[in-house]
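Before any comments, here is the structure.
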Amino acid sequence: QVQLVESGGGLVQAGGSLRLSCAVSGSFNSINRMGWYRQSPGNQRELVAVITSGGTTNYADSVKGRFTISSDNAKKTVYLQMNSLKPEDTDVYYCQSLLTRSYGGPQYQYWGQGTQVTASS
């Protein structure tokens with residue numbers, strides 16, 4: 001079974017920083033992409049940042065210049081460094097992984113359990 005385990009959420013004052021981590025474990029062939037999404041009650045889950053296995057990144061406009069996504073392929077871990085946090089960044093953040101379970105096989109999507117990030121004003 002594939003599992004995504006997140007850590008690093010918490011409460012900070014506006015302007016502060018947090019670093020999220022997400023480690024993928026279990027049996028699979030390869031990771032194509034990993035990323036972070038966020039969701040607040042009553043709203044759709046939205047993309048924050050993603051990174052491909054080749055290192056290509058994509059960010060939501062609202063976080064560009066403040067958040068940085070990176071990955072350690074050997075550790076099968078993705079990170080999200082969040083600086084200059086704003087109250088509107090307050091949400092539950094979810095790690096996502098797109099991976100294949102066998103060589104040449106289909107791609108599957110997995111989610112972490114979510115971690116709360118709160119930036120107080």
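How many angstrom separate the Cα center of region 9-44 from the Cα center of region 57-121?
4
Taking the Cβ-Cβ separation of Leu47 and Ser120 as r and a Förster radius of 25 Å, what is the calculated FRET efficiency to the nearest 0.05?
That gives a FRET efficiency of 0.55.
Can you give me the accessible area per residue for the chain, using a 1.4 Å probe, in Å²?
53
Can you spot the aspartates and glutamates whose alpha carbon is less than 18 Å from Lys86's alpha carbon? Ignore those fewer than 8 places along the same chain.
List returned: Glu46, Asp61.
Of the accessible area of the chain, with the probe set at 1.4 angstrom, what percent is carbon plus sulfur?
Carbon and sulfur atoms account for 45 percent of the accessible area of the chain.
Given labels modelled 7 Å from the Cα in the Cβ direction, how far is it in nm from Gln13 to Asp72?
About 3.1 nm, to one decimal.
Check which residues have an amide H placed less than 5 Å from Lys86's amide H, if you skip close sequence neighbours.
Gly15
The values are calculated or read from the model by the stated rules, or taken from the named source; none is laboratory data. Only a predicted model underlies this, so the values are computations on that prediction, with no experimental measurement involved. Cβ: placed from backbone, ideal geometry, glycine included. Neighbour counts: every protein chain shown. Areas reflect the complete protein model, heavy atoms only, side chains present, ligands, DNA and RNA absent. Shrake-Rupley method; radii C 1.70, N 1.55, O 1.52, S 1.80 Å.
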